[in-house]
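J.: Dropping the structure in here first, questions after.
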Amino acid sequence: MTTPLRIHAPNPVLATIKLTALALHKHAYGRVALIVVACLLPFSLARLALYLVYHEDFQSLGLLEVLSAFAVGLRFDISIAVMGIFLPLLFMMLPFRWAHHAYWQRLWGWLIYLVVLLLVFMLAADTIYFGVVHRHVGSEIGAMSEDIGPMVALAFGQYGVMLLLFTLGAAFGALLWRRLVHPVPAAPRRVWPRLVSIVLALLLFVILGRGGWSGKPISVGDAFFSNSVAQGYLALNGAFAVTRALNDSAPPLRDFMPQDEAISRTQHTLAGSSTPFHDANFPIYQQARFSGHGSKPNVVVLMLESWGALHIDALREQMHLPPLGVTPNFDSLAKQGRLYTHFYGNGQRSIQGAEAILASLPTLPGMPFLGEGIEQNRQSFLGELAQAQGYKTFFLQSSDRGSFRFDSIAARAGFSTYKGAEDMPELHEHKKAASTWGTWDHNTFQEAHQLFAKARQPFLGYIFTSTTHVPWLIPDQRWRKYTSDSDRDKFLNSLLYADWALGEFIAAAKKAGYYDNTIFVLTADHANEFVEHAEITPNLYHIPLLIVGPGVKPGIDERIGSQFDITPTIADLGNWSTGYAGLGRSLLDESAGNERVSFGIRGNVFDLISSRGWVSHDLTHRLGNAPGMSPHATDEMERNLLAEYQTISRLLVENRVVPSGNAGK
């Protein structure tokens with residue numbers, strides 16, 4: 001008995017798809033369509049990965065809002081992809097016989113692949129960066145590109161595995177791409193129809209590259225098409241954000257209201273209990289703002305890398321959260337000083353925090369960062385103000401000496417002595433590897449202590465740490481409290497070490513005798529990436545502020561404050577007789593009636609935080625606000641936010657922050 005022969009028929013759907021793809025591939029127009037689809041696919045996959053990996057950032061969105069964001073996002077995907085590949089595609093479509101030679105076709109086909117690889121690399125890098133700041137890359141990329149050496153070292157050190165995976169993926173993709181571009185379609189029999197189609201394709205590509213048939217090309221702001229920042233971030237793709245950030249010039253001055261009203265609203269926020277503004281040409285300059293009576297104590301400002309409020313037990317206690325046990329020295333010191341529980345950074349990167357602390361000014365999108373030209377403006381730099389009061393000034397950073405141009409920044413800001421990682425003696429058994437970020441915090445703190453102990457008084461010290469920066473290393477296992485290899489646990493261990501180094505520094509200051517006559521200001525450059533409930537805007541900026549020293553009343557202070565407030569507060573505590581210009585207000589000002597606010601910048605989004613809530617805006621429309629705020633309060637906060645932006649952007653562009661000859665007075 002013979003067994004009947006069984007014939008396995010192919011799946012009709014798969015067979016149809018395969019035959020269709022083969023038919024398209026053999027035809028020039030069909031191959032172009034396949035190339036375009038292949039170029040667009042990574043963008044949708046990256047958007048899906050962003051949504052899944054950082055789901056907490058998008059959990060406020062419903063299904064229809066997510067689908068809408070994906071649909072709107074196609075506009076950005078097509079725009080950036082078309083701008084990168086349209087010329088090679090047109091060259092591949094030329095109707096001449098020589099243009100259908102294998103070498104010509106493959107040259108432009110592989111060039112398209114290289115463009116796609118670059119776009120995918122930007123998508124991947126932006127996705128990683130999103131986890132740090134909970135938004136896409138913004139104007140800070142200019143400052144990052146100026147510090148390319150440490151960035152490359154960080155990429156190979158911290159993200160070496162990801163770079164390897166990207167390389168392997170690129171190699172596998174090349175095998176698939178070869179099957180797409182190596183077969184060459186036959187040249188058309190008639191030239192003119194193909195030339196007409198190329199002209200029409202060129203017009204179509206221009207329209208798609210501009211984002212549609214409209215007067216203005218598509219921009220980052222078009223992603224925020226609804227009253228939801230999260231929806232805008234999901235619609236936007238990283239490659240589009242990176243390229244626009246690299247190419248964007250300074251935004252034009254915007255008038256949201258009469259300039260007199262904008263200035264009046266800004267002055268009302270800054271004035272506190274007095275009316276110190278006397279020069280209409282310099283409307284935020286406060287002449288002789290502080291009394292100058294009494295002795296002048298030393299001042300030490302600690303800008304602690306990535307010390308978010310969420311991970312400091314003294315602040316967690318106020319949030320009714322269980323302790324983490326990694327900041328015992330800070331917590332002990334907090335009982336001796338004034339701890340501000342609602343204190344915020346004014347940006348999300350270190351260079352923004354430095355500008356906010358050193359000059360009480362924001363780093364606006366499209367405008368030069370500190371170190372790139374904004375220091376040409378006259379500003380109330382902390383070091384200059386201190387020097388005018390007879391202070392000796394020191395600036396130390398744990399990163400390399402030239403990192404983010406802090407060597408030049410320190411000199412411009414009025415610091416006579418500057419030291420970077422290369423200038424610090426090694427106090428631990430194991431030195432940090434050259435590929436990691438800077439030197440150990442203990443080395444920096446103790447070098448600062450040696451300078452302070454020998455300095456004539458009064459002195460101003462500014463210390464910027466680095467150990468709590470990626471890749472979150474510790475000198476040895478003594479500080480490995482958390483044993484998993486998760487990034488959060490590595491950060492907490494590095495924070496435990498940094499807190500120990502802080503404790504050693506304070507103990508040395510007490511032993512040397514200058515502690516009792518020194519005001520210590522402990523804050524951070526920005527919050528870290530381990531933010532919880534990122535949909536609540538203030539959480540993205542929440543950092544500590546602890547002030548300890550003579551004239552400081554110990555206790556908990558729940559008022560709103562920001563990095564802008566540090567310089568005027570120091571001037572007040574230090575009994576300085578000085579003028580001042582900036583967006584800050586002394587935290588010693590107890591006057592009621594003038595609402596305290598924090599003005600924050602994350603990419604191209606602006607946030608205003610007050611005790612009533614918060615409002616977000618992108619200079620075209622409101623993106624969101626705190627739940628439960630009344631319509632009147634929301635509208636009023638929005639107008640105050642726009643007034644502050646309008647005032648400070650115009651003053652910065654026109655260099656009318658501080659009068660000539662008064663920058664350090």
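The values are calculated or read from the model by the stated rules, or taken from the named source; none is laboratory data. It should be emphasised that the depicted structure is a prediction, and the values quoted were computed from it without experimental measurement. Cβ coordinates were reconstructed from backbone atoms using ideal geometry, including for glycine residues, and neighbour counts include every protein chain displayed.
J.: So the check is Cβ under 7 Å with 6+ separation or different chains; which pairs have a first residue in the range 394-408 that's without any contact (Cβ under 8 Å) to a residue 24 or more places away in the chain and a second one that's of a type in the set (Lys, Arg)?
T.: Close Cβ pairs satisfying both conditions: 407/401.
J.: Please go through the range 512-530 and pick out each residue that is outside any loop (DSSP other than H, G, I, E, B) and touching a helix residue (DSSP H, G or I) at 6+ places or on another chain (Cβ under 9 Å).
T.: Scanning the range 512-530 gives 512, 515, 516, 518, 519, 520, 521, 522, 523, 524.
J.: Is at least one residue of the range 340-360 surrounded by fewer than 20 Cβ atoms within 10 Å (Cβ to Cβ) and farther than 15 Å from residue 566 by Cβ?
T.: The answer is yes, given that some residue of the range 340-360 is surrounded by fewer than 20 Cβ atoms within 10 Å (Cβ to Cβ) and farther than 15 Å from residue 566 by Cβ.
J.: Restricting to the range 467-507, and then to whatever is assigned to a loop (DSSP other than H, G, I, E, B) and of a type in the set (A, V, I, L, M), can you tell me which residue is nearest to residue 525 (Cα to Cα)?
T.: 470
J.: Would you mind telling me which numbered condition in (1) surrounded by 20 or more Cβ atoms within 10 Å (Cβ to Cβ); (2) at pLDDT 95 or above; (3) over 23 Å from the mean Cα position of the chain (by Cα) residue 657 fails?
T.: It fails just one condition, (2).
J.: Something else now. Being modelled with pLDDT of 70 or more and not in a helix (DSSP H, G or I) is the filter here, so list the residues in the range 139-169 that pass it.
T.: 159
J.: Take the residues of the range 49-79 that are of a type in the set (A, V, I, L, M) and under 21 Å from residue 536 (Cα atoms): which is surrounded by the fewest Cβ atoms within 10 Å (Cβ to Cβ)?
T.: 63
J.: Examine the range 405-416 for a residue that is farther than 30 Å from residue 368 by Cα and not polar (S, T, N, Q), and state whether such a residue exists.
T.: Checked against the condition, which is being farther than 30 Å from residue 368 by Cα and not polar (S, T, N, Q), the range 405-416 yields no hits at all.
J.: Is there a residue being modelled with pLDDT under 80 and either assigned by TED's automatic domain parsing to the domain that holds residue 58 or not acidic (Asp, Glu) (or both) anywhere in the range 194-203?
T.: No, every residue in the range 194-203 fails to be modelled with pLDDT under 80 and either assigned by TED's automatic domain parsing to the domain that holds residue 58 or not acidic (Asp, Glu) (or both).
J.: Right, another one. Identify the residue in the range 592-610 that is polar (S, T, N, Q) and touching a strand residue (DSSP E or B) at 6+ places or on another chain (Cβ under 6 Å) and, among all such residues, is farthest from residue 542 (Cα to Cα).
T.: The extreme case among them is 610.
J.: While we're looking at this one, here's another question. Looking only at the range 426-466, how many residues end up being hydroxyl-bearing (Ser, Thr, Tyr), surrounded by 24 or more Cβ atoms within 10 Å (Cβ to Cβ) and not in a strand (DSSP E or B)?
T.: Residues meeting the conditions: 4.
J.: If you take the residues of the range 559-587 that are within 26 Å of the chain's Cα centre (by Cα) and part of a strand (DSSP E or B), which of them is farthest from residue 57 (Cα to Cα)?
T.: 581
J.: Here's a follow-up. Taking the condition farther than 21 Å from residue 355 by Cβ, surrounded by fewer than 23 Cβ atoms within 10 Å (Cβ to Cβ) and at pLDDT 95 or above, does residue 507 pass?
T.: yes
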